[in-house]
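Working notes, structure below.
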């Protein structure tokens, strides 16, 4: 075989390669150039089908960055977020968390990963031991409830599966008793969140209304485009009510396709996952879906909550999600904690955050508390029913936090966490 | 390929270890240390795959399963038993070796295309088991609770510096062993199989046995890479055993060069550096990676080290 062009590197190519190499390895140190800026690392899923939620986290944090900087920053230093996309891969989440601290000079972390990423980040935080991290999106209770998994400098500001399950089950048990809806079906995503949380809901639901029986269940894959098979299976089983944990794009696709089969006229549907972007993506939002409030401008019905929701909408031309308010509250906790500790040192700041109660528009009574087990309580949870137009959800009943904590404690004992 | 005395490779490996271990004495950079730890795992993974792809002509799309298996076997052993870390690591590699032997026994008799398909199919089966067997593996959430890093001879692997030193030594020893295998008569036989299997068969070599041995050895070293990966992320996740991870190893091999022993190591280095740099600036990592690979494929028409060997014959290897 003959070679028509002699292979080799020109001087120009060599210089370009050397330049690229230098830029690659210099980047972390260049990023550290301005030492007075307080860098806060944020990681989330910013690409792929869940990016909608990751972006809504980023949007909320950018609003917080502006607000905090306008008020003088943290300890007199302006804050700056460094955003990273984990692509939803846990090992990448772990790498990014280390990179943000070790090479990008971040002194605080906001982990806006979904559950699997959050568990990976948790181990990195435990290993590093010198940085405080707030998880803002993982709803899996074990992250903070299990003392073996809880990390000394990691906290969670997010809804929690067990809180949701208790609140939802009490509401749905009362609702099903009043309407005599005893035959139920379930339809949840086929992975740990879908299966575990559905089981948790059913356990509490049967505890509050023993007459309930499950006549069929369906487990569609995450991101499944066609729900025809699932919908026909559900309709054929003739349940009186359907409980679903589908969320984000999957839930809107399911509702749009189920509308074609008139599923909503044949059974009552209940879900904890109706969020603004889901409602926006549904062509004809059926009235009467029993749903939890993820984020609503009208719940809690206070001027502060409405003002925040409108400010978000005005700036980003879209509505916030539950991930958005959770990120906002995380920054409010950092703000109050740093003020109390007067330092960013991990142990001191963690001590200040533990047990801290802050005023916030997203609290059930205008406050949220960071409990001793590093997770938040008293955030606004309510259940109501959907309407096709604004405000999209009406007749909202707030959950009873006394009952939630009582049953959560029982659950923790069952799991041998306490 | 010219024969290389084993001592020469050993001297080069020793110099590499001394240089890498000495760097933190002069300048501590956690970013660099993290990079080397990840590179250690990826280099073993990609180089072991090249034993199949470059040396034997067997394109396996399912190599990630052994990487994931090594990670899970090690992490589970550490979590469920009180065994010391080296013993757990050895057991994990032995387990992966046995799994590779079983999978290889099914796959290696198939011709090239079907071999590629069946390795992918077995990997998907293995991935499904990880996702479904929640009580053992944690399902899609991965193995939670971290890996206890029990001290070994005063080495505390929760310390980044000690982990860096441990991974460097393990990776260089692993690469040295792979180098020894590729330059041995067995390695020469594998290259003969790649170039003309009929002729090798006429010479009396039992093809499937040689292939099975190569497949098992490659699986074992991928498992060792998985152990290092598990130590870095302090856990094991299904993505480590998923097919895109096998794709990463294939990219590393193709980028670095399939005909150079250190090609996959260089490819892994490029891939990791690209990932680290690109993800700082954009969420379109896949697009950038695609363009870079296209540039290499169209521009160099071979991996970087293979290109350099052609550009300067007798210098790079």
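Throughout, read-outs are computed from the coordinates displayed, never taken from laboratory work. The structure presented is a predicted model; accordingly, all values stated were derived computationally and were not measured. Cβ placement follows ideal geometry from the backbone for every residue including glycine, while neighbour counts extend to all protein chains displayed.
Overview of values
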| item | result |
| --- | --- |
| Neighbouring partner chain Cβ atoms per residue of A:186-193, average, 10 Å criterion | 2 |
| MRE, 222 nm, helices only [DSSP H, n ≥ 4, -39500 (n - 2.57), over chain A, to nearest 500] | -15000 deg cm²/dmol |
| Test item: B:222-235 mean partner chain Cβ contacts at 10 Å | 3 |
| Dmax and Rg, reported as Rg then Dmax, of the stretch B:232-317 (C-alpha, Å) | 14.2, 44 |
| Global geometry of the stretch A:70-130, whether rounded, prolate or oblate, following the gyration tensor of its Cα atoms and the 1.5 cut on a/c | prolate |
| Protection-proxy order for peptides A:213-225, A:122-134, B:26-38, each taking the mean of Cβ atoms within 10 Å per residue, highest first | A:122-134, B:26-38, A:213-225 |
| Kirkwood Rh, angstrom, the protein assembly as shown [1 / mean 1/r, Cα pairs] | 27.6 |
| Spread of Cα-to-Cα distances over 10 Å intervals beginning at zero, given as percent, for chain A | 4, 21, 30, 23, 12, 6, 3, 1, 0 |
| Largest to smallest principal axis extent of the C-alpha atoms in the stretch B:142-296, angstrom | 54, 45, 25 |
| Calculated P(r) tail over 20 Å for the stretch A:129-232, as whole % of Cα pairs | 52 |
| Highest-first arrangement of A:58-65, B:305-312, where packing means the average Cβ count within 10 Å | A:58-65, B:305-312 |
| Length added when fully stretched, residue A:67-residue A:351, from 0.36 nm per residue minus Cα-Cα | 99.7 nm |
| Backbone N under 16 Å from the residue B:161 label point (7 Å along Cα→Cβ), restricted to the stretch B:6-49 | B:20-34 |
| Calculated diffusion of the stretch B:109-184, Stokes-Einstein form, Kirkwood radius summed over Cα pairs, 4 °C and 1.567 mPa s, µm²/s | 79 |
| Rg to Rh, two decimals, where the stretch B:62-112 supplies the alpha carbon set and Rh follows Kirkwood | 1.10 |
| Rel. contact order, % - alpha carbon contacts under 8 angstrom, at least six apart, chain A | 15 |
| Dimensions (Å) - the stretch A:339-412, Cα atoms, principal axes, largest first | 49, 32, 16 |
| Rg/Rg_ref, the stretch A:192-315, where Rg_ref = 2.2 N^0.38 Å and atoms are Cα | 1.16 |
| Percent RCO, i.e. relative contact order, over the stretch B:206-290, from Cα pairs under 8 Å lying at least 6 residues apart | 13 |
| Distance between modelled label sites at residue A:233 and residue B:196, nm, 7 Å Cα→Cβ extension | 5.7 |
| Compactness of the stretch B:6-242 - radius of gyration and Dmax, Cα, Å | 18.4, 57 |
| Inter-chain Cβ neighbour average for residues A:113-119, partner chain, 10 Å | 4 |
| Gyration tensor (Cα) of the stretch B:5-51, equivalent ellipsoid semi-axes in angstrom | 22, 18, 4 |
| Computed helical MRE - 222 nm, chain B, DSSP H runs ≥ 4 contributing -39500 (n - 2.57), nearest 500 | -24000 deg cm²/dmol |
| Projected area averaged over orientations for the stretch A:290-418, convex hull of C-alpha atoms, nm² | 9.6 |
| Cα-derived Rg over Rh, computed across the stretch A:246-324 with Rh taken as Kirkwood radius | 1.01 |
| Whole-Å distance, taken between Cα centres, linking the stretch B:20-83 and the stretch A:32-104 | 29 |
| For the stretch A:265-326 and the stretch B:110-187, distance of Cα centres in Å | 44 |
| FRET E, pair residue A:418, residue B:11, Förster distance 41 Å, beta-carbon r, rounded to 0.05 | 0.10 |
| Bins of 5 Å, starting at 0 and running to the largest distance - Cα pair percent for the stretch A:232-371 | 2, 9, 15, 16, 13, 12, 11, 8, 6, 4, 2, 1, 0 |
